[in-house]
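Peer 1: Okay, here's the structure, questions in a sec.
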Amino acid sequence: MSEWREVELSELIDFGNGKKKPDSEGEIPIYGGNGILGFSADSNYENETIIIGRVGAYCGSVYYENKPIWVSDNALAAKAKNGNSTKFLYYFLKNANLNQHAGGSSHPLVTQTLLNSLEYEVCIDESEQKAIAEVLSSLDDKIDLLHRQNQTLEQMAETLFRQWFVEAIQKIEFEGNSVEGFHLDKFTKWIEGTLGGEWGKENPQGDYTKQVYCIRGTDLADLNTGLPLKIPTRFVKENKFKKIKPEEGDLIIEISGGTETQSTGRVTYINPDVENLFDLPLIFSNFCRMIKVKKPQFSFFIYCYIKYLYNQDEFFNLENGSSGIKNLDYKALLLELDYPMPEEETVLKFHEAVEPLFEKINKNKTQIRTLTALRDTLLPKLMSGEIRLNYDSDDFYDSFDSKNHSSNQDNPIIQSSDK
């Protein structure tokens with residue numbers, strides 16, 4: 001019979017400290033408060049482990065691994081006790097918002113002593129724990145699969161770009177050879193120019209009334225294969241919004257914020273499929289620049305070309321600024337320097353070849369958004385017992401399909417509770 005009761009976390013979980021990152025290099029993930037930091041040849045935790053950010057900006061963050069790992073000294077490790085489900089406890093801790101209990105205002109800190117003392121009403125029935133974890137894991141597994149599919153599709157587009165263009169680019173740039181159908185030209189062959197962004201206000205005030213999502217450089221990588229879940233909402237002036245609203249095919253490039261090890265120049269494209277992922281209009285911050293294309297059919301070519309240059313570390317040579325923050329000389333990149341360029345007919349054919357890949361990527365993003373919303377809705381309700389699972393059903397584990405259970409209405413598996 002299902003059982004829920006008030007317990008201290010110490011009854012359910014053993015907490016342990018991480019250790020300083022080892023010097024050895026290997027294939028074992030090193031976890032810190034912000035996820036994987038690198039890889040080691042050594043591990044200090046085996047099998048199912050929950051990782052909890054211990055200090056600073058990522059205090060209270062929660063991760064799960066089911067393989068050997070090294071937990072660093074800015075994180076804690078957690079192991080399930082007394083037959084409790086580790087995966088269930090992982091989701092429970094994610095929902096618990098542990099950073100609200102952190103001590104220290106200027107430098108938040110979560111300790112073993114603090115975690116052991118926290119009390120919650122928790123499901124302690126092993127079968128129900130397993131069922132809850134199964135539902136949430138199935139959603140996360142599908143989300144992860146879609147992310148990996150998108151990474152593969154992105155790599156396929158990059159491969160096609162290399163097959164169509166890179167050999168010619170390298171022959172011209174490194175060997176000085178001429179290649180039929182290619183000549184040196186500027187990106188102005190494909191673009192009209194660039195526009196600066198706007199950060200706006202956190203809240204509406206005065207003429208700042210237009211609510212938007214504002215893309216930052218840090219959001220660009222996630223936007224290309226998944227969804228940037230932390231993209232901020234801002235308020236801008238209506239007339240400014242009209243001037244900098246991206247049109248179909250325009251690109252957003254990061255121009256400020258580079259470091260010694262990561263250059264500026266991350267880029268993404270904007271089209272109706274991308275805009276439909278958001279319930280507010282898109283703009284971009286003043287640390288980015290919008291590239292206005294002459295034709296939408298040039299967008300994927302420019303996107304792949306800039307990504308190729310970025311991955312070749314070309315942009316380190318186009319940066320200026322202090323030793324702390326680097327800025328990209330976007331004028332040199334886009335308006336002044338010559339690069340090997342193909343004929344327009346070739347670019348249009350390339351667009352036709354890669355367009356289905358990017359369409360599939362954006363369809364997957366739509367599914368990621370839907371599944372993420374479903375998981376985030378179910379998580380607190382399952383952890384509080386507001387909705388319960390018919391896990392005694394013989395076909396529970398075989399019949400659960402995340403695509404078909406978006407609501408608890410008329411659902412034989414997810415049921416409301418008066419608990």
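The values are calculated or read from the model by the stated rules, or taken from the named source; none is laboratory data. Worth saying up front: this structure is predicted, and the values here are computed from it rather than measured. A quick note on method: Cβ atoms are made from the backbone with ideal geometry, for glycine too, and the neighbour counts reach across all protein chains shown. Side chains included, ligands, DNA and RNA excluded: accessible areas come from the protein's heavy atoms. Shrake-Rupley method; radii C 1.70, N 1.55, O 1.52, S 1.80 Å.
Peer 1: Within the range 1-78, which trypsin sites (Lys or Arg not before Pro) sit in a loop by DSSP and count at most 11 neighbouring Cβ atoms inside 10 Å?
Peer 2: Answer in residue order: Lys20.
Peer 1: Of all the Cα-Cα pairs you can form in the range 278-336, what percent are over 17 Å apart?
Peer 2: 53 percent
Peer 1: If I model a spin label as a point 7 Å beyond the Cα along the Cα-Cβ vector, how far apart are those points for Glu167 and Asp313 in nm?
Peer 2: For the pair Glu167/Asp313, the computed spacing is 2.6 nm.
Peer 1: What list of ³J(HN,Hα) values in whole Hz, one per residue of the range 295-302 in order, does the Karplus curve 6.51 cos²θ - 1.76 cosθ + 1.60 (θ = phi - 60°) give from phi, with Gly and Pro shown as x?
Peer 2: 9, x, 5, 8, 4, 5, 5, 4
Peer 1: What accessible area per residue, rounded to a whole number of Å², is obtained for the chain using a probe radius of 1.4 Å?
Peer 2: On a per-residue basis, 49 Å².
Peer 1: Let me ask you something else. Under 5 Å between amide hydrogens, which residues at least 5 positions from Ala75 or on another chain qualify, with H placed 1.01 Å from N in the peptide plane?
Peer 2: So Ala75 has HN proximity to Gly18, Arg54.
Peer 1: Work out, in µm²/s and without decimals, the Stokes-Einstein translational diffusion coefficient of the range 247-316 at 37 °C, 0.692 mPa s, Rh from Kirkwood over C-alpha pairs.
Peer 2: Translational D for this selection: 256 µm²/s.
Peer 1: Pull up all non-local amide H partners of Asp329: gap of 5 or more, or a different chain, and H-to-H distance under 5 Å with H placed in the peptide plane.
Peer 2: It is Glu319, Asn320, by chain and number.
Peer 1: Exactly which GluC sites (Glu not before Pro) in the range 237-313 are in a DSSP loop and have at most 12 other Cβ atoms within 10 Å?
Peer 2: Within the range 237-313, the qualifying GluC sites (Glu not before Pro) (loop, at most 12 other Cβ atoms within 10 Å) are Glu247, Glu260.
Peer 1: Find the centroid of the Cα atoms in the range 295-320 and in the range 91-148, then give the distance between the two in whole Å.
Peer 2: Here the answer is 40 Å between Cα centres.
Peer 1: Please work out how many pairs of lysine residues in the range 1-134 are eight or more positions apart (or on different chains) and have Cα atoms closer than 23 angstrom.
Peer 2: Close lysine pairs under the 23 Å cut-off: 20.
Peer 1: With point charges of +1 on the Cβ of Lys and Arg and -1 on the Cβ of Asp and Glu, referenced to the Cα centre of the range 295-335, which listed residue (Leu333, Asn317, Cys304) lies farthest in the positive direction of the dipole?
Peer 2: Cys304
Peer 1: Along the positive direction of the dipole of the chain (beta-carbon charges: Lys, Arg +1; Asp, Glu -1; about the Cα centre), which of Pro281, Ile132, Thr152 reaches farthest?
Peer 2: About the Cα centre, the residue reaching furthest to the positive side is Pro281.
Peer 1: Now for a different question. Set the Förster radius R0 to 51 Å, insert the Cβ-Cβ distance between Thr370 and Glu180 as r into 1/(1 + (r/R0)^6), and round the FRET efficiency to 0.05.
Peer 2: With a Förster radius of 51 Å, E is 0.60.
Peer 1: Still on this structure: For the range 140-236, what is the relative contact order in percent, using Cα pairs closer than 8 Å and at least 6 residues apart in sequence?
Peer 2: Relative contact order comes out at 27 percent.
Peer 1: Mind checking the range 125-199 for trypsin sites (Lys or Arg not before Pro) that DSSP puts in a loop (not H, G, I, E or B) and that have at most 16 other Cβ atoms within 10 Å?
Peer 2: Lys186
Peer 1: OK, next. For the range 115-250, what are Rg and Dmax over the alpha carbons, in angstrom?
Peer 2: Cα radius of gyration and Dmax of the range 115-250 are 24.2, 72 Å respectively.
Peer 1: Now for a separate question. Taking 41 Å as R0, compute the FRET efficiency from the Cβ-Cβ separation of Lys381 and Glu345 and round it to 0.05.
Peer 2: Efficiency, from the Cβ-Cβ distance: 0.15.
Peer 1: Still on this structure, please answer the following. Tell me the relative contact order for the chain as a rounded percent, counting alpha carbon contacts under 8 Å between residues six or more apart.
Peer 2: 16 percent
Peer 1: Only Lys, Arg, Asp and Glu count, each charged at its Cβ (+1, +1, -1, -1), so figure out the dipole size of the range 15-111 about its Cα centre, rounded to 20 debye.
Peer 2: Its charge dipole is roughly 380 debye.
Peer 1: Here is a follow-up. Taking θ as phi - 60°, what are the ³J(HN,Hα) couplings along the range 237-247 by the Karplus curve (6.51, -1.76, 1.60), each to the nearest whole Hz, with x for Gly and Pro?
Peer 2: Computed from phi, the couplings for the range 237-247 are 6, 4, 5, 5, 4, 4, 6, 10, 5, x, 9 Hz.
Peer 1: Same structure again: Can you work out ³J(HN,Hα) from phi for every residue in the range 82-94, in order, using Karplus 6.51 cos²θ - 1.76 cosθ + 1.60 and θ = phi - 60°, giving whole Hz and x for Gly and Pro?
Peer 2: Residue by residue, the range 82-94 yields 6, x, 5, 7, 4, 5, 4, 5, 4, 5, 4, 5, 4 Hz.
Peer 1: State the extension gain, in nm to one decimal, for the chain segment bounded by Trp199 and Leu37, taking 0.36 nm per residue of separation less the distance between their alpha-carbons.
Peer 2: Additional length available on full extension: 55.3 nm.
Peer 1: Suppose every Lys and Arg Cβ carries +1 and every Asp and Glu Cβ carries -1, with no other charges. What dipole size does the chain come out with about its Cα centre, to the nearest 20 debye?
Peer 2: 1300 debye
Peer 1: Would you grab the residues whose amide H sits under 5 Å from the one on Phe39? Only those 5+ places off in sequence or on another chain, please, with H modelled 1.01 Å from N.
Peer 2: Sorted by chain and number, the residues that satisfy this are Gly26, Ile30.
Peer 1: A further question on this structure: Using alpha carbon coordinates only, what is the Rg to Rh ratio of the range 313-380, with Rh defined as the Kirkwood radius?
Peer 2: Over the Cα atoms of the range 313-380, Rg/Rh equals 1.22.
Peer 1: Starting from the Cα of Lys237, draw a straight line to each of the lysines and keep only those under 27 Å, dropping any in the same chain fewer than 8 residues away.
Peer 2: In chain and number order, the partners are Lys201, Lys210, Lys245, Lys292, Lys294, Lys331.
Peer 1: On a C-alpha basis, how far is the centre of the range 163-209 from the centre of the range 268-285 in Å? Whole number, if you could?
Peer 2: Centre-to-centre distance over Cα atoms comes out at 19 Å.
Peer 1: Also, I was wondering about something else. Given an 8 Å cut-off on Cα distances and at least 6 residues of separation, report the relative contact order of the range 183-301 as a percent.
Peer 2: 38 percent.
Peer 1: Would you kindly state how much longer the chain becomes between Val7 and Glu27 on full extension, computed as 0.36 nm times their sequence separation minus their alpha carbon distance, in nm to one decimal?
Peer 2: 3.4 nm
Peer 1: For the chain, restrict the atom set to alpha-carbon positions and state the Rg and Dmax in Å.
Peer 2: 24.9, 77
Peer 1: Determine the gain in length on full extension of the stretch Thr261-Lys331; use 0.36 nm per residue of separation and subtract their C-alpha separation, reporting nm with one decimal.
Peer 2: That works out to 23.0 nm of additional length.
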